[in-house]
Each structure stands twice: as C-alpha cells, then as structure tokens.
Amino acid sequence: WYQRRAGGAENAKITMWLPLLLALVAKADIKFSRTVDTVEAGTSGTATLDHDCSSSDAYGSNDCDLKWGSTYNATINIVTNEVLYHNSTVTVDMKIDSIIPFKFSCAACDANCTIDIPIVKKTETFAMPDCPIAGGLNLTQTFTLPSSSPSPVKASVSGTAEITNGVGTTVAHVTATGSIS
C-alpha cells in the first residue's frame, strides 16, 4: 500500500483521504458494518476506531455507531506483497436507499480521484498517493464529525468496495452497509 512518512506531500494526501473515506461510508450518527470478502494472499491489515464500535475481527473495528460532534482516532495498518501501479484501481459500487447509485472508480495512485456524492450533492476531489504503492500503510488520523448531519434526509447505503492490481486481480473486496440519521 503506502508507507506514511512524517510530514510532506505524501502525508497530506493520506491525511486528506481517510476522513473522506470514512465520510463516504458514514457521515455520522452514522452506523456502519463491513465484511471483508476477499484479501489477496500476502496482504493483511486492520482499520480501527478508538470507540463507538461494538465488535471487531481480524480486520479491525466493526458494527460502529458514530455520534455527531464526536472526535475519533482511526488507525490503519496494512501489509502487502502487492505493488500497485497507475493502472491499479479503487472501485466503489453502492446504492443509497437501495435505489440511488453511488459508484466511482479511480486510479489507486498517481491521480486525482473525483466523486459525486448523491443526496448532499457534493463533488469531492482528492489526490491519490504516488505510485508505486508497495509494502504497507501505517496511519493514525484524528477526525471530528460535524455537530449535525449534512444530509437533508435519513438514508441507508450498501454495496462493495474493491482494490484491483494492474492486471485485474482483486487485492481486497469489502461489502459494507450503513445508515445516516
């Protein structure tokens, strides 16, 4: 994946990425859970939050209920033998309230990723890390959720996220469900 370095542009890219990913899965009084369906041999990792999750497994925190206005510490530790280049992808295929598509696919590195977030009608663009991504990712990030929901309505979300290498092999595939209230 991506080795965090103290300071510098690489750290800024990952620092901006984590809160956005968490916001995509959730956006607070946010409830979410996930199942890791596939992990390529030689890859392992965890993603944990410091509180408000009722269970955990080999991949980290699960069954989380994040509260508006609360501050969280997220820790991501990934080790992989895989090397991701500019032709590797991150793909999200979700539905909001089982009807509204929320899909995007971005290069895993060396590019900007632009996504359109339905319901709140926002477009977000963020830089992916530099290529190649190799070895691992070790990141701790503190984030605070807004004091109230940015969504004008309650909504549920379900679907998948997948990382593939340049030849189309799945590095990781995750199924997630969540709700925003």
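The values are calculated or read from the model by the stated rules, or taken from the named source; none is laboratory data. Values in this document were obtained by computation on a predicted structure and should not be read as measured data. Quick reminder, even Gly has a Cβ in these numbers, built from the backbone with ideal geometry, and neighbours come from all protein chains shown. Ligands, DNA and RNA are excluded from the accessible area calculation, which covers all protein heavy atoms including side chains. Shrake-Rupley method; radii C 1.70, N 1.55, O 1.52, S 1.80 Å.
What FRET efficiency comes out for residue 63 versus residue 140 if R0 is 30 angstrom and r is the Cβ-Cβ distance? Round to the nearest 0.05.
Efficiency computed from Cβ-Cβ geometry: 0.90.
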query = Between residue 111 and residue 37, what is the FRET efficiency for a Förster distance of 30 Å, r being their Cβ-Cβ separation, to the nearest 0.05?
reply = 0.70
key: Candidate lysines for bridging to residue 31, where Cα separation is under 25 Å - those fewer than 8 sequence places away on the same chain excluded   = 67, 95, 103, 121, 122, 154
Accessible-area composition of segment 24-181, carbon plus sulfur, in percent [1.4 Å probe] = 53 percent
Accessible area in square angstrom per residue, segment 47-155, 1.4 angstrom probe = 51 Å²
key: residue 170-residue 79 pseudo-label distance in nm [points 7 Å out on the Cα-to-Cβ vector]   = 2.4 nm
